[in-house]
Amino acid sequence: MLIPLSVAHVEYPSLMLFSHVKLPESPPEEPLSLEQRIEQASLQVGFFWMIAASNIQNLLNRDLVQFRTLLR
């Protein structure tokens, strides 16, 4: 990934193969506020039910592999 060095940081613990400059560690993530967590949970639950409802067709067609894949 090519980005300016001023905004670069190490995302994950890793071993750099070619490192000319030491990159700083990524800044700690700030915890989400209660409102943000509620919004995120609402989106995830809504997405689950949208996929589950459209996935009924796979169950009715006895395509159990696709049914299980989409529920995961």
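The values are calculated or read from the model by the stated rules, or taken from the named source; none is laboratory data. Everything quoted here is computed from the prediction, not taken from an experiment. Quick reminder, even Gly has a Cβ in these numbers, built from the backbone with ideal geometry, and neighbours come from all protein chains shown. Quick note on the areas: whole protein, heavy atoms, side chains included, nothing else; ligands and nucleic acids left out. Shrake-Rupley method; radii C 1.70, N 1.55, O 1.52, S 1.80 Å.
Each Lys and Arg adds +1 at its Cβ and each Asp and Glu adds -1 at its Cβ; summed about the Cα centre, the chain shows a dipole of about 400 debye. In the chain, the longest principal axis of the Cα atoms and the axis of helix 34-60 are about 40 degrees apart.
For the chain, the solvent-accessible area with a 1.4 angstrom probe is 100 square angstrom per residue. For the chain, the extents of the C-alpha atoms along the principal axes are 58, 35, 19 Å, listed from largest to smallest. Within the full protein context, the accessible area of Leu60 is estimated at about 120 Å² for a probe radius of 1.4 Å.
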